[in-house]
Amino acid sequence: MADTIVLAYSGGLDTSVAIRWLQERYEAGIATLTMDLGGKVDLEAARQRALQIGATRADVIDVREEFITEYVWPALQAGALYEGVYPLATALGRPLITKHLVRIAQEEEAFAIAHGCTGKGNDQVRFDVSAAALAPKLQVVAPAREWNMTRDEEIAYALARDIPLDLNKRSSYSVDENLWGRSIEAGDLEDPWVSPPEEAYAWTVSAAAAPDQPREVEITFRQGIPIAIDGQELGGTALVELMNDIAGANGVGRIDHVENRLVGIKSRELYEAPAAIALHAAHRALEGMCLTKEQSRFKDRLGAEYADMVYNGLWFTAHRRDLDAYVKSTQTHVSGIVRLQLFKGTCTVVGRKSDESLYRHDLATYDKGDSFDQAASVGFIQIFGLPVRTQAEVQGQAD
Ligand code: ARG
């Protein structure tokens with residue numbers, strides 16, 4: 001209906017308060033949408049709570065497989081790590097969430113979508129800009145950007161209106177999680193000098209507590225997409241879940257990063273991304289076998305650009321689509337198996353093989369069977385070194 005707002009609903013305090021706040025402020029009907037991207041949300045409980053607070057419609061959907069195949073795999077293939085370290089779990093989830101909000105808004109002929117982001121982070125940008133791309137005329141409302149309530153004021157607001165709250169689960173951190181990783185910030189982490197407390201982490205054991213025996217694991221890729229672990233073929237969701245478990249149990253996946261937000265501030269964020277770290281390492285190693293020097297180098301630069309696009313909320317743009325086309329093309333021959341060793345927080349590539357590998361033993365070997373023509377190097381070096389020799393003769397030696 002034309003007086004409807006579709007709200008991305010997590011079931012937490014902010015978005016629960018937002019249901020009522022939007023109703024009162026806009027005299028609107030609120031349809032909520034709760035999505036499972038692998039963040040272990042209780043979909044049915046969220047649905048019930050939304051209806052209890054007064055939502056006119058409460059959808060819940062499992063988008064895990066879509067998330068992995070349409071968003072995570074392209075980012076993995078691109079080698080997209082923001083500032084070289086962050087695998088972009090939160091950032092990749094936002095355009096997908098926006099896409100489904102917009103879809104329901106169109107079904108409902110709603111005038112706006114809404115999300116729970118504050119005015120200080122990157123996520124508001126990702127929602128708003130994705131919506132601008134998908135439905136340029138649709139309004140986006142961000143209650144937490146407008147209402148200026150502290151957490152205690154929100155609780156008072158909720159109590160005054162009988163909004164059911166589940167305050168026990170609350171940790172002292174702000175956490176966002178999906179299959180590709182957990183993002184943890186705020187609380188005592190805001191002091192960049194403070195060591196990450198053990199309780200900030202949920203998917204990984206500390207290196208000290210990890211098993212004393214290394215765990216080797218084989219990852220099979222087909223055209224740059226992981227399809228099997230230790231020979232067992234798995235769909236995207238199951239594969240990432242298993243990889244999170246295996247790597248996390250060996251202490252692999254912790255990241256402590258001071259990052260540059262799009263809105264101009266630096267923030268300290270912890271990430272837990274066991275599968276992402278392991279799969280990026282394995283994928284890169286396989287590319288090392290299957291791509292030429294030029295392809296690898298150019299792709300590295302492109303990976304940084306791709307990560308910026310994702311981080312900055314520019315998923316639904318022609319530029320990202322164009323980058324994707326290039327990346328896809330590079331992955332044609334990136335098929336094979338990589339063996340990782342996971343050991344007390346480290347993830348090391350210890351073996352790789354591919355039927356399409358450009359590594360040729362007969363060219364590389366120092367043993368017999370060498371097919372490299374060493375005599376040909378003489379002429380090659382003559383010509384390669386020609387400008388150096390010429391300059392030295394004419395201009396003297398450079399120190
Ligand atoms: N800094 C990350 C990003 O911009 C995560 C943001 C959400 N983090 C959180 N703990 N709620 O993608």
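The values are calculated or read from the model by the stated rules, or taken from the named source; none is laboratory data. Since the structure is predicted, the reported quantities are computational estimates derived from the model, not experimental observations. All Cβ positions, glycine included, derive from the backbone under ideal geometry; neighbour counts span all protein chains shown. Remember, those area values only see protein heavy atoms, side chains included, never the ligands or the DNA or RNA. Shrake-Rupley method; radii C 1.70, N 1.55, O 1.52, S 1.80 Å.
Charge tally around G313: other residues with Cβ under 14 Å, Lys/Arg +1 each, Asp/Glu -1 each, net +2. Using a cut-off of 31 Å between Cα atoms, the listed pairs K99/K266; K299/K353; K40/K353; K99/K344; K328/K353 include K40/K353; K99/K344 as exceeding that distance. Peptides 300-311, 188-199, 120-131 ranked from most to least packed give 120-131, 300-311, 188-199, packing being the mean of other C-beta atoms within 10 angstrom over each peptide's residues. Computed over the chain, the percent of Cα pairs more than 32 Å apart is 44. Solvent exposure of the chain amounts to 50 Å² per residue of accessible area, where only protein heavy atoms count and the probe is 1.4 Å. On a 0 to 90° scale, report how tilted helix 43-53 is relative to the longest principal axis of the chain, with both axes built from alpha carbons and the result rounded to the nearest 10. That works out to roughly 30 degrees.
Legend: calculated FRET efficiency, S206 to D166, from the Cβ-Cβ distance at R0 = 25 Å, rounded to 0.05, equals 0.30.
The Rg/Rh ratio of the range 1-129, with Rg taken over Cα atoms and Rh as the Kirkwood radius over Cα pairs, comes to 0.99.
Sorting 229-235, 98-104 by their mean Cβ neighbour count within 10 Å, with the most densely packed peptide first, gives 98-104, 229-235.
With a simple spin-label model that places each label point 7 Å from the Cα along the Cα-to-Cβ direction, the separation between H257 and D308 comes to 1.5 nm. Taking 0.36 nm per residue of separation and subtracting the Cα-Cα distance, what length does fully extending R25 through I265 add? Contour length minus the Cα-Cα distance gives 83.3 nm.
Per residue, the chain reaches -12500 deg cm²/dmol at 222 nm when only DSSP H runs of four or more residues are counted, each adding -39500 (n - 2.57). Given a Förster radius of 22 Å and the C-beta distance between A318 and T56 as r, what FRET efficiency does 1/(1 + (r/R0)^6) yield to the nearest 0.05? Efficiency for this residue pair is about 0.05.
The listed peptides 344-357, 238-251, 106-119, ordered by packing as a protection proxy, come out as 238-251, 106-119, 344-357 (highest mean of other Cβ atoms within 10 Å first). The C-alpha atoms of the chain define a longest principal axis, and helix 293-311 lies at about 10 degrees to it.
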